[in-house]
Amino acid sequence: MDGVLIAFVVSFGVVFVAELGDKSQLMALTFATRYRPLPVLIGITIATAVVHAVSVAVGYGLGAALPTGWIALVAAVAFFGFGAWTLRGDALTDDERVKAERSTGSAVVAASVAFFLAELGDKTMLATITLATQYGWFGTWLGSTLGMVAADALAILVGRLLGRHLPERAIKYGASGLFFLFGVWLLVDASAQLNRVSPIEVIATALNHHLAGWIALGLGLGTVLLGVLGRRRMRRVGAVGGSPAWQLGTPGWWARALFAVAVLLGLGAPLLVAMDVVQPIALFDEPGWVAGGGAVVLLGTALLVAAQRSRMVLQERGVDPVTATHGLHARVRNPGLTGMALATAGLLLMVPTLVGVLAAVLVVAAVQVQVRGVREPGLARSHGQAYDAYAARTGRFLPRPGVREPTAAPDRDG
C-alpha cells in the first residue's frame, strides 16, 4: 500500500507540474471556449487514462517505442481538421435539446481523439514510462492520469471565464487559430522525429526568408483589411466622423500622406524579400525573430480590432470616449494607433530590411502628427476642461502607470 501511495504522489506531482504551460492546457482552454466543461473533461480523462495505461505497459516490459513520428503526423492532420471544423461552425438541428446532446457527444469524441493523438509521444507520456520503471504500475497510472486531468481542469476554468467575457466570433476565430497552431506544432515535431533532427533544425530549414516574407505579407494585408473594414463599421454606426477634405500641407493631410506611404513600404518590404529582390538584414535573419515578429503583429492587430470594437460599444451606449469609465479608452487615448504601430514593428522583426525600417519610421511620424496635430487639438477645442482631465488620467499610447479607471457610475456616462 505504501508503494502505491508513493507512486501516486510522485506521479501526480511530476505530471501536474509538467503540464503547467504545456500545449495540452492550451488545448483544454480552446475546447472549453467551444463546449461545456464537463464533456471536455470527460474526453480528456478518457484519453489520458488510455495513453498513460499504454505508457505504464511500455515502461513495464513492452520494450519497444511507439512510432511517435507517424502518430504526431496523424495528430497534426487531425488538428487541421479541428481548426477547419471550428471555423466552419456546427451544422446541427435547430432543436435545442438535440443540439445540446450532439454538442456533448462531439465534445467528448473531439477532446478524446485530440488529446489521445497529441499526448502519444509527448513528454508527459515519456515521463510516465520512466516513472513506471521505478514505481508500481497502478499508482503511477492513477497519479499521472489525475495529475494531467487536474492541470487541464485549471485551463478549462480559465477558458470558461474567457468565454463569458469574449464575443462569440472572437472565440470562434481564436479557437480555430489555436487548433491550426497546434497542427503546425505537431507537424514540425513529426518532421523532426521522422527525419531524426531537432525541431529547431526543421523550423530553420523551412522558415527561410522567402517563406517569412510571404507570411509577413499575408499578416500585413490582414491587418490593413481588418483596419479598413473596422473603420467602415465605425463610420456606419457614427463612432467616427466622416473623412474631411484636408487641404494640402495641413497636419491632417500630412498624417494621411505619411500613413499611405508607410503602408505601401510596409507591405512592399516583405514582398521584395519573398521575391528575393531585397535581402533581409543578416543579423536578424533567424527563425526566432520571425516567430517573435509574427506574435507582435498578431498582438498589434488584436489591439487595433479591440480599440475599434471599444469605440463602437461606447457609441452604442451613448458614451463619449472622453468620459468613458470602463474599457480601453478609459486607460489609453489612442489604443488603435498603438496597435497599428505594434503591427508595423512586428513586420519589421519578421523581415528586417531598410525599407521596413523606413516604413516603421513613417508610421511613428504619421501617428504623432495625427495625434498631436489633429486629434488632440480637436478634442481639446470640443471638450475643454473635460479633455484636460481625461488626458491627465490616461496615457497617450499606453496606460499611465499607477492611475486607475474613474469610478463614476456607468449610467451617468450615458
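Each value in this text was obtained by applying a stated rule to the coordinates, not by laboratory testing. Just so it is clear, the structure is predicted and the values come from calculations on it, not from any experiment. Please note: Cβ atoms are built from the backbone with ideal geometry, for glycine as well, and neighbour counts cover all protein chains shown.
The table below lists the values:
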{"item": "Per-peptide average of other Cβ atoms within 10 Å, ordering 382-389, 147-154, 302-309 highest first", "result": "147-154, 302-309, 382-389"}
{"item": "Enclosed volume per residue, in Å³, of the convex hull spanned by Cα atoms of segment 209-405", "result": "118"}
{"item": "Contact order normalised by residue count of segment 209-405, Cα under 8 Å, 6+ apart, percent", "result": "31"}
{"item": "Where labels lie 7 Å past Cα in the beta-carbon direction, separation of residue 53 and residue 250 in nm", "result": "7.4"}
{"item": "Inter-label distance, nm, simple model (7 Å from Cα along the C-beta direction), residue 4/residue 194", "result": "4.3"}
{"item": "Note, ³J(HN,Hα) from phi for segment 383-397, Karplus 6.51, -1.76, 1.60, rounded to Hz, x at Gly and Pro", "result": "10, x, 5, 4, 6, 4, 5, 4, 5, 6, 9, 10, x, 5, 10"}
{"item": "Long-range HN-HN contacts of residue 317 with modeled amide H, under 5 Å", "result": "none"}
{"item": "Burial ranking of peptide ranges 273-286, 38-51 (average Cβ count within 10 Å, highest at the top)", "result": "38-51, 273-286"}
{"item": "FRET efficiency estimate (nearest 0.05) - Cβ-Cβ, residue 316 to residue 400, R0 30 angstrom", "result": "0.70"}
